[in-house]
Structures are given as structure tokens and as C-alpha cells.
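The values are calculated or read from the model by the stated rules, or taken from the named source; none is laboratory data. Treat the numbers as computed from the prediction; the structure is a model and nothing was measured. When we count neighbours, we look across all protein chains shown, and the Cβ atoms used for this are built from the backbone with ideal geometry, even at glycine. Protein only, heavy atoms only, side chains kept; ligands, DNA and RNA dropped before computing areas. Shrake-Rupley method; radii C 1.70, N 1.55, O 1.52, S 1.80 Å.
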Amino acid sequence: MDSADIWDIFYRPDDLAGMWFGFQLARSLGEQRQRVRLYCHDIQTLSVAHVNLDPRVLIQHLGSVEILDQRLARTIAAAPNLIEIFDGAPPAPYMARFFSMQSGGNWYSLHAPWSRRDVPTAIQLRTQSQTHRQFDVNLGDSSQSAGLIRSVGQPHVLRTSPQSLLAARASILSLLGLSSDLLEADRTLYVSASAGIAWPQWLRALIESETSHCLFVEHGELQEKIAPIFSRVPGQPGTSSIGALTVVFLPPLLWALVDEIINICDLVLTDRDDVAFRAAERGTPSVRAQAAPTDTDMAHWLFPEPSSNLAECYRGAAAALGTGRGVPENLDAFMARLEDFKAHARQVQARVGRASDLVALLLTSSEISTASNVERLFAPTQPNPML
């Protein structure tokens, strides 16, 4: 395989969302017969989320994808195609080797669909030398965007009928060894978040609610924080109930099974960009916590009309989940319009499904020698110089 077919992917340390997006992009490139190396900061976590990985091995293969311990980036030879996932810069020794390559290279800095960037085209040249180019690539589903990094696998099934949703929930509960009595709850929620969200206020509101809720809690630090309240051993799978709330403690799960749980829930609560995006892929409403103005605000991507009532209701719930202020009223307002949010989530799922795949832009741009032609090729309002 020619060296120009090698791609190196980096994400920020301790960024679980970056790891998910990086892994999905690596697999998509691998499906196009590219050689891909993903520098991983937490192979232990990735080995739980995906099969066939050994956390003790520094270099291992999944098809055309190599999973490398990120410490190797300080010594291993750089690839001619470098991808940064959302500001995930490689270490300085790697960058020095990248710029020393006589054959040149392409450096792609990816920006999330929900990042606030007023740009006219999907890709812009940031810097250029005689041999190397750095591009800003703007992800999204609009004509000014470069496409999306999506889950690799089978198309997602949207279960709209009550019967199919009930059957899917029963199947998941059986797979997890849980009682079918959990199906009696009025609403099913999934929470995938750190202990930094306002979980005490949200638990209290759900416990005191007049509507019964079944809350799936992912394995991790938040489960450990909640465990004493429900008299459970942290990390031990099982269920407990207080008031109108039943919590289900989940064991460590593969990403594929987490996606199935997202698919059968009425609502997802999270502080992770990848979980919110995976919910959007599956047509499930989600609330991405926002504790400060600098935190990720997905509202303007989820709701292109910023003045819509749904957008304002979403922002209130996101702020409440992040800060703990105004939880009862914002939770009630959101739940009162849950059916509207479900209908909107199906529209977002259709948008995600129609968007182009980022890999197509990356492969095309890497083969074009003139940087100005790369920008014009993906500019929707300019003549295409390649035609």
C-alpha cells in the first residue's frame, strides 16, 4: 500500500467523545481500503466498548485500522495524512517529524457540527508551505459543511409503533437479565454522564414526579455517586426504586449495546457530545448538559430556527441539567412537550441520514495537489475547477 494512503488520527486526552468520533472515522476510512492509525489515550475503555482489543497491547489491528497507544506518537514515523478530532493536537515530537517529511503532507483540523463557526465553505486552507497544507474542515449536514462522522454498521431502525418499541425494550431487558416489570414505567430514560451534571436535583425531581420513570444509568462515576441513595453496591448491576423512579444500574457495555438502549429510550441525558450525536442518529431526543456558556451548545444545530419554542425549552433543560437551577420547572416543561421532541428527533435523524460522509471529502481533497482548488471544489457557490 502506498504511503499516501496512511492516515493518523488524534483526539484530546480524556475525551471519550473524541475517542468515539475518532474510532468511527478510522473504521470508515478503513472500509475505503485506507491504512489508518488511531492514537488512543485509553485503550482499556476502548477494549470494553469494542470487542477484540487487548488493553495490554500497545499496537493491535482491527481490519485496516491500527489502534496504537498514544505514547507511541512521540517516536513513531508520521503519516502523510493527519487528522485532529476537535482540537486533538498531536505531541510536538510527532509534529516535528510530520513537517520534516520531504514528500509533504495534509493536516485536517475537524470542527464539530455544533461549533459556532461562520464559514462559507466546507473546507478552508489555514496554512500552506511548499510541501505541507493545513485545512479547517467543518462538519455538518448543510451545503456549507463537509459531512458527518457517523456510526459504522447497519442502518438504524426507527421504531415508531408502540408494539415494535415494546418488543425492542423487552428484548433488551431480557438480554441484560432484567425483569419485564420495568416495562410498566411511563417513560424510559438513559443517562450517560459524569458526576458533574446536576444529578441530585434531577433525581429528586424524578422521584417526586407524578409520572413513573425507568432510568438506565451507565457504568461509571455517576453510578458510584448514585449507588448509596438506592442502597446498591457501586458497579453492581441491578435495579432499585424510590418514589416514582426506578434506576437500572448497567454493567460495562459494548458501544453497540449502548446504542440499542439509546434506541429504545424516550429521552437521553448526557454531558458527552458523542452520546448526544448517537441519539440524533437514532431519532431519540436528548438533552446535552450545559453548565456554562463555554460548554457545548447543541441547540443551534438541533434546532436551525433559534427562535423556536422547542429550542428555548431545550436550552432551559440543558442549563438545568448542567447547573441544577430551575430543574423542576424545566423538566416539567420539557416532558410536557416530549412528543414534540420525539417528532423533532425523527427529523434530525433524517437530516443526519441525508448528510454526506466526511470520508468522501478527505479522500478527494488529499488527492488534489493545489490547495485553492480544494477549497473551490467544495464551495457550493463557486465554479468547480476540476470539471
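Observations, loosely collected:
- Taking each residue as 0.36 nm, the span from A170 to V233 lengthens on full extension beyond its C-alpha to C-alpha distance by 20.2 nm.
- Put a plus charge on the Cβ of each Lys and Arg, a minus charge on the Cβ of each Asp and Glu, and nothing anywhere else: the dipole of the chain about its Cα centre is then about 560 debye.
- Label zone of L58 (point 7 Å out along Cα→Cβ, amide N under 14 Å): in segment 1-40 this covers 40.
- Accessible-area composition of segment 38-101, carbon plus sulfur, in percent [1.4 Å probe]: 56 percent
- Using alpha-carbon coordinates, inclination of helix 309-323 to the longest axis of the chain, degrees: 80 degrees
- Segment 1-53 - percent relative contact order, Cα under 8 Å, separation 6 or more: 40 percent
- Sorting the segments 179-191, 114-126 by their residues' average number of neighbouring beta-carbon atoms within 10 angstrom, most packed first, yields 179-191, 114-126.
- For segment 93-148 versus segment 1-65, the inter-centroid distance based on Cα atoms is 19 Å.
- Among G326, G18, G283: highest mean-square fluctuation, GNM of the chain, C-alpha pairs under 10 Å: G326
- Segment L363-H50, extension gain: residue separation times 0.36 nm, minus the distance between their alpha carbons: 110.1 nm
- Cα-based shape type of segment 15-82, given that a ≥ b ≥ c are square roots of the gyration tensor eigenvalues and the cut on a/c is 1.5: rounded
- Acute angle (nearest 10 degrees) that the helix 327-336 long axis makes with the longest principal axis of the chain, alpha-carbon atoms: 90 degrees
- Neighbour net charge for A318 - beta-carbon separation under 10 angstrom, K R +1, D E -1: -1
- DSSP bridge analysis restricted to segment 32-183 gives an antiparallel fraction near 35%, rounded to the nearest 5.
- Counted over the chain, the DSSP beta bridges are approximately 25% antiparallel.
- Relative to the dominant Cα principal axis of the chain, helix 16-31 is inclined by about 50°.
- Label point distance in nm, S129-E184, each placed 7 Å from Cα along Cα→Cβ: 6.9 nm
- Normalised per residue, the accessible area of segment 52-194 is 49 Å², obtained with a 1.4 Å probe and no contribution from ligands, DNA or RNA.
- Helix-only CD estimate at 222 nm, as mean residue ellipticity for the chain, using -39500 (n - 2.57) per DSSP H run (n ≥ 4): -11000 deg cm²/dmol
- Within segment 37-89, percent of DSSP bridges classed antiparallel, to nearest 5: 50 percent
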